[in-house]
């Protein structure tokens, strides 16, 4: 996949077509604020990006549609994106057309017939990406698409000389994870069969979770089956499907047998038994009300016992304190210490003799008797509480069954208004019974519970087998082979560009998504290597090595690389940027460095014999014939991306 042309459509319907050579180095040179940088944003937009990064100014004021015509192996693809409304930060609508001889469409042919996701999917499929899922470890499988491949094909002016970020949009949330995940696939370390196995593993894990859920549901059903059976028995009785009353059926086996017989009952053909049904429902309501009253009475009794316990505890505490105080009287003895008929305080005679010790001893004996009586009553109260709790559980169980039956009968009454006959009501009840008994069979002893457990064990074995086949060591070996392949070219080209530390095993680090190289002081990441000139050089050799690898190994990545202003570290002044001539650079080393950059691009593209295309927007304008032959557009002296006529018509100054 390479770029044949970029097309702009003005708001008045005019068309501006920029054509590019396939399999060649295309240079767009010019001064600042001529629109060079916008070319990359347009291609990014037309490859399915939702976020709008095009500059606000003459471009946004004059352009109604942006389009790109791509050349694929056997066809051409025209992608157009409508300019977003003012203030919109993203847009998804698009136009997609395919044809072997397709040319840029006219303005009146443009229409929305797709969205950005369709563009990414269709273009990705046609270059061979397909439905390939790769594992992100943390968040599950990620399906590679054209948007991931585009990250390897674009370098805007903020990225091409960045010391930390090697790839397009690498600083954005989620992009780093996507790059780490999809790069092994694009390098071929994750083969198509391995990607398919990864998808099988994902499906197997999903089946395992489903088997776990089904087994848990069956086990839960087994625990709740008795209440549901009683509810169905009450419903069957109300519908006239039972030959005996539900009250006489005590155990699960009997309930299931009775319900099977009810489900097999011949359709009811007699006249409707509405009165009998209402009588049955009334009995259930009366039973429900009685059970509720029983619960309230039990609750009142429990509350009364609890209050009695609280009062006894308070009484016991108070009496205990009195006993504790009076206990000392026993130490005093029975003989009085003075004349009982004389007041010990004033010495006067009293009409009645005072015997305090005997009185206190009598009180102490009385209090102890009361404590013994309270303690004797406590076990009886505790037994009564236990009986009440058991009775509460039994009544609640009965109440749930009755309320379930009443709820079902209430629903049935609503349906009965629309049913044609009593036979239909019975058929509905038989259907409910059949459906529930099928579930009960799964939960029954020796039934499908064992089958579900066997299915779960099988699903676990499948997952374990696929996990063993997806050996991470094999992936690591393949990836190491690919990175070593890249390292050879990267080291050779870094040395040729005279980059700092360029002679020492230059290579990609996919975990950190950067370039690393060996130095006398150890391994150095790109961010630890000084100078923007080195950063640009290492970006260039990394991306050229990747694309040469993609072409040689037929990987599903567009055969194109766009760079925006790679020589910016060499053109610091406005004068140098304006002319773009090497003579404008003050240092001979800078002039030679710029020449080496473009010579390397030119030779790598030529060496791939039409299999690779580069588009470079830059200030540089070298005089060499080979360079001038690569110049497609020279935007100086009033030439720019947006024609002056469009600007005059819609207003606003030029911008890049």
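The values are calculated or read from the model by the stated rules, or taken from the named source; none is laboratory data. This structure is a prediction, so every number in the text was calculated from the model and none was measured. Don't worry about glycine lacking a Cβ; one is built from the backbone with ideal geometry, like all the others, and counts go over all protein chains shown.
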Query raised in the report: In segment 603-646, what residues are surrounded by fewer than 19 Cβ atoms within 10 Å (Cβ to Cβ) and farther than 26 Å from residue 547 by Cα?
Result: 623, 634, 636, 637, 638, 639, 643, 644, 645
Report task. Would you check if residue 284 is outside any helix (DSSP H, G or I) and at pLDDT 70 or above? Result -> no
Query raised in the report: Taking the stated definitions as given, is residue 464 closer than 29 Å to residue 529 by Cβ and assigned to a helix (DSSP H, G or I)?
Result: no
Report summary line: If we ask which residues in segment 1-17 are in a loop (DSSP other than H, G, I, E, B) and surrounded by fewer than 20 Cβ atoms within 10 Å (Cβ to Cβ), their number turns out to be 4
Requested in this report: Take segment 23-71 and flag every residue that is surrounded by 19 or more Cβ atoms within 10 Å (Cβ to Cβ) and at positive phi.
Outcome: 30, 35, 48
Requested in this report: Determine which single condition residue 532 fails, assuming it passes every other condition in (1) at pLDDT below 90; (2) more than 45 Å from the chain's Cα centre (by Cα).
Outcome: (2)
Query raised in the report: crowded, with 17+ Cβ neighbours inside 10 Å and assigned to a helix (DSSP H, G or I) - does that describe any residue in segment 496-510?
Result: no
Query - In segment 471-504, the residues that are over 30 Å from residue 194 (Cα atoms) and touching a helix residue (DSSP H, G or I) at 6+ places or on another chain (Cβ under 6 Å) - result: 493, 494, 497, 499, 500, 502, 503
Report summary line: Of the candidates 203, 117, the one satisfying the condition of being outside any strand (DSSP E or B), modelled with pLDDT under 90 and either surrounded by fewer than 16 Cβ atoms within 10 Å (Cβ to Cβ) or not assigned by TED's automatic domain parsing to the domain that holds residue 53 (or both) is 203
Query - Identity of the residue in segment 545-561, surrounded by fewer than 22 Cβ atoms within 10 Å (Cβ to Cβ) and within 36 Å of the chain's Cα centre (by Cα), that ends up farthest from residue 43 (Cα to Cα) - result: 553
Query raised in the report: Among the numbered criteria (1) at pLDDT below 85; (2) under 21 Å from the mean Cα position of the chain (by Cα); (3) surrounded by fewer than 22 Cβ atoms within 10 Å (Cβ to Cβ), which single criterion is violated by residue 144?
Result: (3)
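So which strands (runs of 3 or more DSSP E) stay within segment 18-87 end to end and still have 3 or more residues that are within 24 Å of residue 128 (Cβ to Cβ) and at pLDDT 95 or above?
On the way: elements: 25-30, 63-71, 76-82.
Passing ranges, in order: 63-71, 76-82.
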**Report entry** Search result, residues across segment 69-122 that are in contact with a strand residue (DSSP E or B) (Cβ under 6 Å, 6 or more places away or on another chain), farther than 19 Å from residue 20 by Cα and in contact (Cβ under 8 Å) with a residue 60 or more places away in the chain
**Finding:** 107, 110, 116, 119
